[in-house]
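The values are calculated or read from the model by the stated rules, or taken from the named source; none is laboratory data. Keep in mind that this is a model prediction, so the values were computed, not measured. So basically every Cβ, Gly included, is an ideal-geometry build from the backbone, and we count neighbours across all protein chains shown. The accessibility values were calculated without ligands, DNA or RNA, using every heavy atom of the protein model including side chains. Shrake-Rupley method; radii C 1.70, N 1.55, O 1.52, S 1.80 Å.
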Amino acid sequence: MQDHDFIVVGSGSAGCVVAEKLSANGRFSVLVLEAGGTDRRFFVQMPLGYGKTFFDPAVNWNYKTEPDPGLAGNADHWPRGKLLGGSSSINAMVWIRGQREDFDGWAAAGNPGWGFDDLLPIFKAIEDNEAGADEWRGRGGPIHVTDNRGRVHPLTHRFLKAGQQAGLALNQDFNGAAQEGVGVYQINTKNGRRWSAARAFLRPAMKRANVRVVTNALATKIFFEGTRAVGIEYLNNGRTVTARASREVVLCGGSVNTPQLLQLSGVGPADLLKNLGIPVVLANAHVGANLQDHLGINYTYKGRLPTLNQTLRPWWGKMLVGMQYLLLRTGPLSMSMNQGGGFFRTDEGQPRPNMQLYFQAFSTVLPKPGERPILTPDPWPGFSIGLSNCRPSSRGSITIRSKNPLAYPKIVPNAYSTEVDVAEMLAAVKFVRKIASMPAMSEVITEEVLPGPKCVSDDEQIADFRKRSGTVYHPVSTCRMGPDASQSVVDPRLRVHGLAGLRIVDASIFPDNISGNTNAASIMTGWKGAEMILEDHA
């Protein structure tokens, strides 16, 4: 039996922050359990190495959803980080906070302290923004944010001009006063290397004597004494180990693993647990429910001008960009696949942007199954304009299949299961084609490859995005926060309703999804959650 003040389950975007902040004052001992291994891998640290980690079982859970009627029966691939840093070690690194209204909506739903004005100081404290400090941006924080405006591919500037020709404003900072418009994405890198939550928070914490990190440690059960969480059982290299927490168990496993562990431990939908022979510690139907995610699709074009395809595909191009990266930490390998993008409204009736754009100066129309060939793109000049919905109304669920902790849970996204989501996406893909038809883009386009010029009618376009859409890897809300124990899993201080000594601090607590990439908001949640824990144990 190992005794610690706090046990942090999961070293992802939030868990790394929690471990760092709980251990900083030296008063408390912290045990961090990570099911995966080290993040010290070349393709993890190289930003465009994202393509190599997308299916790599050494660093990726490689989840699959159930066949989804909303996606034409496809079973979607769900990569999730299985290593130090979690998904912040294998994501595309776009640094987006979300819209003011997202967080003000959390507070208005009965979660005091979670409004935008409450959270802006935390976001600023987290950041070391290369663009400089101002009313919105922070400098000197643990997460280095790179301003790529002077580094993007020339085609990205054409995309920005086409977006303006289509009616969108140029936005120099999506995390500034307003999110709407087109611009260049800021990314969390430093000196050409991925700056994950592990590098920013966990690595410094691991130097402290009061922090112990155990990798290859799969948490299998929360131990309770009555209704108080007192420890964790975990598998480590074939051994079953028990650890005790004298103060709190903090779950940071993310929107898949946190509800899975709760259900395995007897906290969740009563009928599900009883049918699997799991004793019910606390019945709560919302554990694993209310799953929300962003869905995306790419429209791909052949061009008249060279794209990154001509740089990244040939052996000599690989050699050149490889040397540039190894010697100077610059060039395409030092950047995200999404160099530009933006936010727009699908109709004038929308009070704020409800769609996100992505521009990729390369194309991957010809992948093999189980391959994300970012580093070996198509053999012709190609590029993609992608988009995803910001606040879909469809809801899914995550539930365990058995008592076996090694069995992957059942993921049911229910994509495009509402008429609103379908209508919104239809309007959005039409706008992508509008951008492509603007002079700045149309003069360099020779052909629309996907979906192609034969896809014209509304029914054809709907069938196409059902067939080709997929997650953009932002699952949230499976243990959502709220003041009412009958409608949520945790209270506004992230304590699990009805239980003591147990908190959840990760993206599963989001009451609703945010408008944009979820990594920055997950790190913010780790920061705020840790502050509340420290306040309660002062």
Discussion item. What is the angle, in °, between the Cα long axis of helix 419-437 and the longest principal axis of the Cα atoms in the chain? Nearest 10 is fine, range 0 to 90.
Written reply: 40 degrees
Item to complete: Provide the descending list of Cα extents for segment 390-435 along its principal axes, expressed in whole angstroms.
Response: 50, 20, 12
Worksheet item: For segment 325-386, what does the equivalent ellipsoid look like in terms of its semi-axes, each the square root of 5 times an eigenvalue of the Cα gyration tensor, given largest first in whole Å?
Response: 29, 17, 9
Discussion item. Amide H of Ile445 versus every other amide H placed in the peptide plane: which residues, excluding those fewer than 5 positions away on the same chain, fall under 5 Å?
Written reply: Arg304
Item to complete: Would you please report the Å³ per residue occupied by the convex hull of the alpha carbon atoms in the chain?
Response: 140 Å³
Worksheet item: What are the semi-axes of the equivalent ellipsoid of segment 435-525, taken as the square roots of 5 times the eigenvalues of the Cα gyration tensor, listed largest first and rounded to whole Å?
Response: 43, 16, 10
Worksheet item: Once phi is turned into θ = phi - 60°, what whole-Hz ³J(HN,Hα) does the Karplus curve with 6.51, -1.76 and 1.60 give for every residue of segment 279-293, x standing for Gly and Pro?
Response: x, 7, 7, 8, 7, 8, 5, 8, 6, x, 8, 6, 4, 10, 7
Worksheet item: What does the accessible area of His4 come to, in Å² to the nearest 10, when a probe of 1.4 Å is used?
Response: 20 Å²
Worksheet item: So what's the Cα pair-distance distribution over segment 177-251, bin width 10 Å, in %?
Response: 14, 28, 27, 16, 13, 1
Worksheet, complete the sentence: In units of 2.2 N^0.38 Å, the Cα radius of gyration of segment 357-496 is 1.36
Fill in: Estimated translational D of segment 356-419 in µm²/s (Stokes, Kirkwood radius over Cα pairs; 4 °C; 1.567 mPa s)
84 µm²/s
Discussion item. Test of the criteria: in segment 155-251, which trypsin sites (Lys or Arg not before Pro) are in a DSSP loop and have at most 13 other Cβ atoms within 10 angstrom of their Cβ?
Written reply: Lys207
Fill in: Computed label-point distance, nm, for sites Phe223 and Val420 using a 7 Å Cα→Cβ extension
4.6 nm
Discussion item. On the Cα set of segment 71-155, report Rg and Dmax in Å, please.
Written reply: 16.8, 47
Discussion item. What are the extents of the Cα atoms of segment 409-466 along their three principal axes, in Å, largest first?
Written reply: 46, 24, 20
Worksheet entry | Compactness of segment 267-343 as Cα Rg over 2.2 N^0.38 Å, two decimals | 2.12
Item to complete: Mind grabbing the accessible area of Arg100 for me, 1.4 Å probe, Å², rounded to tens?
Response: 90 Å²
Discussion item. Report the Rg/Rh value for segment 165-289, based on alpha-carbon coordinates and the Kirkwood definition of Rh.
Written reply: 1.15
Worksheet item: What is the Cα convex hull volume of segment 61-206 when expressed per residue in Å³?
Response: 184 Å³
Discussion item. Quick query: amide H of Arg228 versus all other amide H atoms, modeled in the peptide plane; which residues come in under 5 Å with a sequence gap of 5 or more or a different chain?
Written reply: Ala500
Fill in: 0 to 90° range, to nearest 10: angle between helix 519-536 axis and the chain longest Cα axis
20 degrees
Fill in: Hz values of 3J(HN,Hα) by residue in segment 461-472 - Karplus curve (6.51, -1.76, 1.60), Gly and Pro given as x
5, 5, 4, 5, 6, 5, 6, 9, 6, x, 4, 10
Worksheet item: Using a 1.4 angstrom probe and counting only protein chains, how large is the accessible area of Phe343 in Å², to 10?
Response: 0 Å²
Item to complete: Bin width 5 Å, alpha-carbon pairs only: give the P(r) of segment 23-88 as whole percents, running from 0 to the bin holding the largest distance.
Response: 4, 15, 20, 16, 13, 13, 10, 5, 2, 2, 1
Worksheet item: Out of every Cα-Cα pair in segment 1-138, what percent are more than 17 Å apart?
Response: 72 percent
Practice prompt. Among the trypsin sites (Lys or Arg not before Pro) in segment 278-359, which ones are in a DSSP loop with at most 13 other Cβ atoms within 10 Å of the Cβ? Mind listing them?
Written response: Arg304
Worksheet entry | Overall dimensions of segment 136-197 by Cα: Rg and Dmax, Å | 13.2, 38
Discussion item. Can you give the log10 of the normalised intensity I(q)/I(0) at q = 0.09, 0.17, 0.19, 0.20 Å⁻¹, computed with Debye over equal Cα scatterers of segment 233-389?
Written reply: -0.59, -0.99, -1.11, -1.18
Response to the item:
The set of residues whose placed amide H lies less than 5 Å from the amide H of Lys190, leaving out same-chain residues fewer than 5 positions away, is Trp195
Item to complete: For segment 455-506, just list the percent of Cα-Cα distances falling in each 5 Å bin from zero outward, please.
Response: 4, 18, 17, 11, 7, 8, 8, 10, 9, 6, 2, 0
Worksheet item: Quick one: Karplus J couplings for segment 146-159, per residue in order, coefficients 6.51, -1.76, 1.60, θ = phi - 60°, nearest Hz, x for Gly and Pro?
Response: 8, 9, 8, 4, x, 10, 6, 5, x, 5, 4, 5, 4, 4
